[in-house]
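Everything on this sheet refers to the single structure shown next.
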Amino acid sequence: DAMVIQNPRYQVTQFGKPVTLSCSQTLNHNVMYWYQQKSSQAPKLLFHYYDKDFNNEADTPDNFQSRRPNTSFCFLDIRSPGLGDAAMYLCATRRIDNEQFFGPGTRLTVL
Amino acid sequence: SQQGEEDPQALSIQEGENATMNCSYKTSINNLQWYRQNSGRGLVHLILIRSNEREKHSGRLRVTLDTSKKSSSLLITASRAADTASYFCATDAGGGADGLTFGKGTHLIIQP
């Protein structure tokens, strides 16, 4: 009964080739987040959606964009991936002021 | 920037022993949460403690929060091999929909 689903689980892309990661939720939560977690590091918030309102963290590179076409789905677009963008990308949802529910993550490899 | 700092960064104990991990943070919080992450996997929520709470229990887990010292601890009692994982504290400043700020994590190894 997966509640936060991320596809694909593993993604390989080439340097500079745009890539899109997908997240969906069955919880009907109004907030969705994208975190980046590099190897042996803590997750770092990239941005979040509160309903349709997009909130970008100040230090998130312009190379990263996001779309949320409806409550259930949220996409992370990396326009020109660099080697430094190789990481685990974690999607999460929550209702306000409660715990976040994380998906299993997508591990991105950049060749 | 990372607000939370966990210590130790790595901890290895024998199965059956208790494991204690600490977390410090810098700014005011609405709540503090602990997550577990198995190698290469997503984060699993363990426990949430609100700023007006001092201690919370869940099964073999005990979390304390000292807002005056801006610190929290996670105690896992009677550890099992399956507890081997990385443990992260994360603070919620309470801005409504704001994301969590994670600490660097403690990698816990339970020796059978």
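The values are calculated or read from the model by the stated rules, or taken from the named source; none is laboratory data. Keep in mind it's a predicted model, so treat the numbers as computed, not measured. Neighbour counts are summed over all protein chains in view; Cβ atoms, including those assigned to glycine, are modelled from backbone coordinates with ideal geometry.
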How about the stretch A:23-57: which of its residues are within 20 Å of A:N98 (Cβ to Cβ), more than 8 Å from every other protein chain (Cβ to nearest Cβ) and without any contact (Cβ under 8 Å) to a residue 24 or more places away in the chain?
A:F47, A:D51, A:D53
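How many residues, within the stretch A:96-111, are outside any strand (DSSP E or B) and surrounded by fewer than 22 Cβ atoms within 10 Å (Cβ to Cβ)?
Of the residues in the stretch A:96-111, the ones outside any strand (DSSP E or B) are A:96-100, A:103-105, A:111.
Now restrict to residues that are surrounded by fewer than 22 Cβ atoms within 10 Å (Cβ to Cβ): A:96-99, A:104, A:111.
The number of residues fulfilling the criteria is 6.
Limited to the stretch A:66-95, what total is found for residues that are touching a strand residue (DSSP E or B) at 6+ places or on another chain (Cβ under 7 Å), surrounded by fewer than 18 Cβ atoms within 10 Å (Cβ to Cβ) and within 14 Å of chain B (Cβ to nearest Cβ)? Write out each step before concluding.
First, pick out the residues of the stretch A:66-95 that are touching a strand residue (DSSP E or B) at 6+ places or on another chain (Cβ under 7 Å): A:66-68, A:72-79, A:81-83, A:85-94.
Next, from what is left, pick out any that are surrounded by fewer than 18 Cβ atoms within 10 Å (Cβ to Cβ): A:67, A:72-73, A:75, A:77, A:79, A:82-83, A:86.
Next, only the ones that are within 14 Å of chain B (Cβ to nearest Cβ) stay: A:86.
Total meeting the criteria: 1.
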Given (1) surrounded by 13 or more Cβ atoms within 10 Å (Cβ to Cβ); (2) more than 11 Å from the chain's Cα centre (by Cα); (3) modelled with pLDDT of 95 or more; (4) not hydrophobic (A, V, I, L, M, F, W, C), A:N30 misses just (3)
